[in-house]
Amino acid sequence: MAIRRRQFLHAGLSLPLLSACDFAGLTTPNGWLVSGYRIQPAPTSETYQYGVMAFDPQGNVRADFTVNDEVHLACFSPDLKHILVCSRIPGAALTLYDFDGKLIASTLPPNHQHFEGHAVFSDDGQFIYATASNYQTTGGKLLKLKADNLSVINEFDSGGIGPHELVWQTSTTSNRTTSNRTVLAIANTGVKTHPDSGRKPLNIDDIHSNVSLFDTQQQTIIHQWFVNQDALTARHLDALPNGDLIIGCQYKKDDRYPVVIALAKPEQNRLSFSDNQPGAFHFKMQGYSASVTAFGDSQALITNPRGHLISQWNTQKTTPELQQHQSLQYAKGVVADRAGKTAYISQGQGRLWRYDQSGLTEVTLKQQKTIWWGNHMSGDIG
């Protein structure tokens, strides 16, 4: 179809696999988690079916519905009434669903752009900020959309090329840490791509990555940290209580396995990478990191499905310091509770794990399908 409509509304186009939520939203003291997944209909099938599942920390499924495209990230609206679904597939739409799988709104990226798989809501739930790339100019974009109908109302430069994850920054004033919901931290990978080439990097020998702070009130970049290693890309990040950022990078060449975990400190303009010791562990990481989350006041958790690891880092030093790590095959998404005592990790073939000071404990997910989790999991855990 030649016509690309920027904004459209539909109802009833997505058939829910499980209608466990016949209420307006989610209300529970325990919290909720959500992730995308895929299903291979048959062992010989070359295509997949895609879906989104919402569940509580005890493994009770509360929503499960099909979607059109592979899900990179799914996240709840602040009022827990809707689920925003983000895809990285070129040409895929940004979509908003209720918990019965009813499609509330959908929008295609602006002309010559594609979404980069991540988005965040404003605190009041009125707006969404999403990363995108213009594949004609190769410039990174930050899109501001209305949350109720996903119409694009403004477009900004992201501060680099290939923006991926973005989070709200924190600020520390008068010895008190607060959420600063006017400043976004954006991981600009520096990687150029084009829909004709899928996700293949087109500038493998000329990658320049950074992390940028974008002030949504001033509508401008106010600070940047630069990655000073060729082919190393800042990709995922989270805000720490002291105002720093924890950064997970990926190395795009295969000639070595450099350190990929760093801190972004407000007083500096370059990322502070972890020490190369223990070298054996960094070799195990294989130049790769996936989901990143702050864990309490001074720790961070990072998954690595390529190295089959979950690692915990001390973030209060000048550089990140490895505290401990555990093997976990195809560790993917990670969500920590607000107290920083417990986290939940999605693993490969539809498994869910609880992580705390006693180690890893599997949570039985109460569903019967054979699924494979998407890249990330999000949620709000009390």
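The values are calculated or read from the model by the stated rules, or taken from the named source; none is laboratory data. Everything numeric here is computed off the predicted structure, so don't read it as measured data. All Cβ positions, even for glycine, are placed from backbone atoms using ideal geometry, and neighbour counts span all protein chains on display. Accessible surface is based on the protein model in full, side chains and every heavy atom, while ligands, DNA and RNA are left aside. Shrake-Rupley method; radii C 1.70, N 1.55, O 1.52, S 1.80 Å.
Assorted remarks:
- Restricting the range 237-262 to residues that are in contact with a Phe, Trp or Tyr (Cβ under 6 Å, 6 or more places away or on another chain) and surrounded by 18 or more Cβ atoms within 10 Å (Cβ to Cβ), the residue that is nearest to GLN312 (Cα to Cα): ALA262
- Residue within the range 258-276 that is part of a strand (DSSP E or B), free of Cβ contacts under 8 Å to residues at least 40 places away in the same chain and of a type outside the set (Asp, Glu) present: no
- Filtered residues of the range 28-71 (kept if among the hydroxyl-bearing types (Ser, Thr, Tyr), surrounded by fewer than 18 Cβ atoms within 10 Å (Cβ to Cβ) and in a strand (DSSP E or B)): THR66
- As a summary of the residue check, HIS325 satisfies the conditions (1) part of a strand (DSSP E or B); (2) closer than 19 Å to LEU232 by Cβ except for the one numbered (2).
Okay, residues lined up against (1) at pLDDT 95 or above; (2) closer than 17 Å to VAL335 by Cα; (3) of a type in the set (Asp, Glu):
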{"site": "GLN229", "(1), (2), (3)": "no, no, no"}
{"site": "ASP238", "(1), (2), (3)": "yes, yes, yes"}
{"site": "TYR251", "(1), (2), (3)": "yes, no, no"}
{"site": "ASP254", "(1), (2), (3)": "no, no, yes"}
{"site": "PRO258", "(1), (2), (3)": "no, no, no"}
{"site": "ALA264", "(1), (2), (3)": "yes, no, no"}
{"site": "ALA280", "(1), (2), (3)": "no, no, no"}
{"site": "PRO305", "(1), (2), (3)": "yes, yes, no"}
{"site": "TRP313", "(1), (2), (3)": "yes, yes, no"}
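The rows are residues; the columns are (1) of a type outside the set (A, V, I, L, M); (2) at pLDDT below 95; (3) not in a loop (DSSP other than H, G, I, E, B).
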position: THR318; (1), (2), (3): yes, yes, no
position: VAL335; (1), (2), (3): no, no, yes
position: ARG338; (1), (2), (3): yes, yes, no
position: ILE345; (1), (2), (3): no, no, yes
position: GLN349; (1), (2), (3): yes, yes, no
position: TYR355; (1), (2), (3): yes, no, yes
position: LEU360; (1), (2), (3): no, no, yes
position: GLN367; (1), (2), (3): yes, yes, no
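- For the range 219-238, the condition holds for at least one residue, the condition being that it is outside any strand (DSSP E or B), touching a Leu at 6+ places or on another chain (Cβ under 7 Å) and among the β-branched types (Val, Ile, Thr).
- Test: ARG88 is outside any strand (DSSP E or B) and touching a residue at least 60 places away in the same chain (Cβ under 8 Å): yes
- For the range 122-146, a residue qualifies if it is crowded, with 21+ Cβ neighbours inside 10 Å, under 19 Å from HIS82 (Cβ atoms) and touching a residue at least 40 places away in the same chain (Cβ under 8 Å), and the qualifying residues are ILE128, TYR129, ALA130, LEU145.
- Checked against (1) surrounded by fewer than 22 Cβ atoms within 10 Å (Cβ to Cβ); (2) in contact with a Cys (Cβ under 9 Å, 6 or more places away or on another chain), ILE204 meets all criteria but (2).
- Residue list for the range 35-67, restricted to those being of a type in the set (A, V, I, L, M) and under 19 Å from the mean Cα position of the chain (by Cα): VAL52, MET53, ALA54, VAL67
- Qualifying residue in the range 372-381 (condition: in a strand (DSSP E or B), open to solvent by less than 20 Å² (accessible area, probe 1.4 Å), among the aliphatic types (A, V, I, L, M) and out of contact with any Leu (no Cβ under 7 Å at 6 or more places or on another chain)): yes
- When LEU84 is tested against (1) under 17 Å from the mean Cα position of the chain (by Cα); (2) open to solvent by 40 Å² or more (accessible area, probe 1.4 Å), only condition (2) is not met.
- Exclusive hit being free of Cβ contacts under 8 Å to residues at least 24 places away in the same chain and either open to solvent by 10 Å² or more (accessible area, probe 1.4 Å) or within 15 Å of the chain's Cα centre (by Cα) (or both), set GLN326, GLN312, GLN286, GLN299: GLN312
- Considering only residues in the range 94-121 that are farther than 21 Å from PRO163 by Cα and among the acidic types (Asp, Glu), the one that is surrounded by the fewest Cβ atoms within 10 Å (Cβ to Cβ) turns out to be ASP100.
- Top-ranked residue of the range 16-27 - restricted to ones that are in contact with a strand residue (DSSP E or B) (Cβ under 6 Å, 6 or more places away or on another chain) and in a loop (DSSP other than H, G, I, E, B), ranked as modelled with the highest pLDDT: LEU26
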